[in-house]
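Notes for the one structure printed next.
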Amino acid sequence: MTDLPDYFFRVRDNGAFVFRVDAENRQRRIDMDQIATVNIRNGEIKPQGDRVLSDADVTAIKEWMDDRQKVLNKREIEDILRTVDHLNQTSHWAQSRATDAQLERVTNTLLLAMHDLRGVLVRRKADRLAKDEKS
């Protein structure tokens with residue numbers, strides 16, 4: 001059997017359930033014992049039941065949380081860049097293939113969403129420029 005990690009993290013919204021993995025038992029089965037629940041947003045680590053987490057447990061969990069946050073941050077930027085691609089594809093669709101009925105169905109929603117996004121981006125850029133001028 002290949003070497004298994006000491007911990008398994010079952011990802012869920014905003015965190016994970018943490019299991020300790022045991023493959024070194026007499027039955028040669030993989031046992032997973034839930035030891036904690038973690039919340040990425042607030043950094044909370046809740047031991048399961050009356051369990052007391054070891055220093056190794058806490059260290060492994062914190063390392064996973066740091067790594068997970070990096071993955072989520074990278075995915076967020078990738079999602080935004082994919083959105084730019086979708087906007088470009090939408091422009092091409094609207095110009096070349098969309099029917100009047102299709103445009104009627106989506107135009108107001110798209111215009112409002114783009115107007116909102118533009119306003120947020122302009123305000124945030126102005127804030128950054130003002131901050132840079134003060135520095």
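The values are calculated or read from the model by the stated rules, or taken from the named source; none is laboratory data. Here the structure is a predicted model, which means the values were calculated and not measured. Positions of Cβ are backbone-derived with ideal geometry, glycine not excepted, and every protein chain shown enters the neighbour counts.
Taking the stated definitions as given, is residue 62 out of contact with any strand residue (DSSP E or B) (no Cβ under 7 Å at 6 or more places or on another chain), surrounded by 10 or more Cβ atoms within 10 Å (Cβ to Cβ) and among the basic types (Lys, Arg)? Give the steps one after another, and end with the answer.
On the way: out of contact with any strand residue (DSSP E or B) (no Cβ under 7 Å at 6 or more places or on another chain): yes; surrounded by 10 or more Cβ atoms within 10 Å (Cβ to Cβ): yes; among the basic types (Lys, Arg): yes.
Yes, satisfied.
Residue 20 passes every criterion in (1) touching a residue at least 40 places away in the same chain (Cβ under 8 Å); (2) basic (Lys, Arg); (3) part of a strand (DSSP E or B) apart from (1). The C-beta contact set for the range 110-124 (first residue in the same structural domain as residue 90 (by TED's automatic domain parsing), second residue modelled with pLDDT of 95 or more, distance under 6 angstrom, 6+ apart or interchain) is empty. Considering only the range 38-56, I want to know if a residue exists there that is in a helix (DSSP H, G or I) and under 20 Å from residue 6 (Cα atoms). Yes: one or more hits.
Of the set (1) small (Gly, Ala, Ser); (2) under 30 Å from residue 8 (Cβ atoms); (3) modelled with pLDDT of 95 or more, all apply to residue 49 but (3). Residues in the range 28-73 that are among the small types (Gly, Ala, Ser), more than 23 Å from the chain's Cα centre (by Cα) and on the phi < 0 side of the Ramachandran plot: 54, 56.
For the range 1-58, what are the residues that are of a type in the set (Asp, Glu) and within 25 Å of residue 73 (Cβ to Cβ)? Answer for the range 1-58, where residues must be of a type in the set (Asp, Glu) and within 25 Å of residue 73 (Cβ to Cβ): 13, 44, 57.
Exactly one of (1) out of contact with any Asp or Glu (no Cβ under 8 Å at 6 or more places or on another chain); (2) at pLDDT 95 or above is unmet by residue 135. Its number? Here residue 135 clears every test but (2).
Residues of the range 82-119 that are surrounded by 10 or more Cβ atoms within 10 Å (Cβ to Cβ), in a helix (DSSP H, G or I) and of a type in the set (A, V, I, L, M, F, W, C): 87, 93, 94, 103, 106, 110, 111, 112, 113, 114, 117. Suppose we keep only residues that are of a type outside the set (Gly, Ala, Ser) and surrounded by 12 or more Cβ atoms within 10 Å (Cβ to Cβ) within the range 15-25. Which one would you say is farthest from residue 61 (Cα to Cα)? The extreme case among them is 22.
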